[in-house]
């Protein structure tokens with residue numbers, strides 16, 4: 001793996017084996033994350049964003065199972081690690097911020113106890129030193145009167161404060177990779193903006209890489225360097241932020257952008273929704289999963305998954321229409 005690449009995911013496939021059949025949640029995705037880079041994983045609910053993140057973290061629960069592919073972090077094959085080795089890696093070199101902090105924080109322990117426990121699990125330090133580091137970290141994430149907050153339980157904090165505690169817990173061991181799974185979904189717009197500014201500041205200060213999972217394209221534009229667009233368990237388009245927003249190629253990416261409110265929109269201009277319903281993951285089509293909802297769909301789209309076409313600036317798209325355009329050049 002190249003020295004500048006921190007995380008390398010290749011052909012990752014994940015399925016859930018249920019009583020009614022196999023749900024192919026992730027159908028074979030590949031991407032690279034460099035040191036200090038922020039990559040966004042975008043897509044609607046059910047596209048496989050969180051499942052692939054849980055697979056990288058090694059917290060995928062039954063009936064989910066990784067059925068193929070490789071995940072390398074630095075020179076370490078994550079999928080080959082045993083339970084103890086993964087626990088040593090999680091929270092230390094790789095940390096994660098979950099969607100709902102109230103469900104992620106333990107309600108029967110104080111905020112301070114949980115922060116200190118994470119720190120002492122991975123670092124050989126005294127309880128007093130761990131306590132001071134926890135207080136400092138709460139202060140770093142913008143929590144006022146951190147010494148007092150250390151004594152409080154999660155239910156005594158507001159939603160914004162709980163999310164800040166989650167960020168503090170994820171960063172307290174100074175990880176190289178932070179996975180943020182829709183960390184601002186449950187927050188109001190004002191608090192969301194504060195959390196995003198906080199994450200950007202901490203990312204630059206600690207020079208860490210971030211895998212940012214969201215369905216909010218506005219957040220992607222503000223946070224990310226590169227973007228992977230997922231649909232039906234596949235990455236259908238990858239590129240830098242400028243290419244994805246100003247030169248989108250896949251019909252699904254175009255649909256997402258057209259359905260997003262724009263500040264420069266004309267008066268009374270209506271949003272254009274993506275028609276149709278999401279793919280049935282129990283019975284996926286052999287071709288492009290977006291075909292039933294695509295206005296540009298062709299016969300070949302229904303029968304064969306399109307090859308990945310590489311454009312300028314490593315802008316990659318999986319679409320038969322773009323593939324044919326490339327052949328005609």
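Read-outs throughout are calculated quantities, based only on the coordinates presented, and are distinct from any laboratory measurement. The model shown is predicted, which means the values in this text are computed figures rather than measured ones. Cβ: placed from backbone, ideal geometry, glycine included. Neighbour counts: every protein chain shown.
Would you mind classifying the stretch 145-296 by shape? Square roots of the alpha carbon gyration tensor eigenvalues, ordered a ≥ b ≥ c; an a/c under 1.5 is rounded, otherwise it is prolate if a/b is larger than b/c and oblate if not.
prolate
I'd like the distance separating the alpha-carbon centroids of the stretch 310-329 and the stretch 1-46, in whole Å.
Using only Cα atoms to place each centre, the spacing works out to 22 Å.
Assuming 0.890 mPa s and 25 °C, estimate D for the stretch 105-174 with Stokes-Einstein, Rh taken as the Kirkwood radius over Cα pairs, in µm²/s.
Rounded to a whole number, D works out at 210 µm²/s.
How high is the relative contact order of the stretch 105-174, in percent, counting Cα pairs under 8 Å that sit 6 or more residues apart?
Over the stretch 105-174, the number comes to 47 percent.
To make sure I understand, if each residue's beta carbon is the centre and we count other beta carbons within 10 Å, what order do 208, 102 fall in, fewest to most?
Result, fewest neighbours first: 102, 208.
Once every DSSP H run of n ≥ 4 in the chain is given -39500 (n - 2.57) and the sum is divided by its residues, what mean residue ellipticity at 222 nm do you get, rounded to the nearest 500 deg cm²/dmol?
Theoretical 222 nm ellipticity from helices: -10000 deg cm²/dmol.
For a quick check, take a GNM of the chain with Cα springs below 10 Å and name the residue from 59, 263, 125 with the largest mean-square fluctuation.
Largest GNM mean-square fluctuation: 263.
Report D for the stretch 52-162 in µm² per second (integer): Stokes-Einstein, Kirkwood Rh on Cα pairs, 10 °C, 1.306 mPa s.
Translational diffusion coefficient: 100 µm²/s.
To make sure I understand, if each residue's beta carbon is the centre and we count other beta carbons within 10 Å, what order do 67, 191, 116, 41 fall in, fewest to most?
Fewest-to-most Cβ neighbours within 10 Å comes out as 67, 191, 116, 41.
Report, to the nearest 10°, how far helix 111-122 tilts away from the longest principal axis of the Cα atoms in the chain, using its own Cα long axis and a range of 0 to 90°.
80
GNM, the chain, Cα, under 10 Å: largest mean-square fluctuation among 231, 246, 31?
Of 231, 246, 31, the most mobile in the Gaussian network model is 246.
Kirkwood Rh, Cα Rg: Rg to Rh for the chain?
0.99
Based on the Kirkwood radius over alpha-carbon pairs, what value in µm²/s does the Stokes-Einstein equation return for the translational diffusion coefficient of the stretch 250-329 at 37 °C and 0.692 mPa s?
Estimated diffusion coefficient is 229 µm²/s.
Can you put 252, 109 in order of Cβ neighbours within 10 angstrom, beginning with the fewest?
109, 252
Any idea what angle helix 127-140 forms with the longest principal axis of the chain, computed on alpha-carbon atoms, 0 to 90 degrees, nearest 10?
50
Decide, for the stretch 55-112, between rounded, prolate and oblate: order the square roots of the alpha carbon gyration tensor eigenvalues as a ≥ b ≥ c, take rounded if a/c falls under 1.5, and otherwise choose prolate if a/b is larger than b/c, else oblate.
prolate
Against the longest principal axis of the chain, how steep is helix 189-206, in degrees 0 to 90 to the nearest 10, with axes from Cα atoms?
With both axes taken from Cα atoms, the answer is about 80 degrees.
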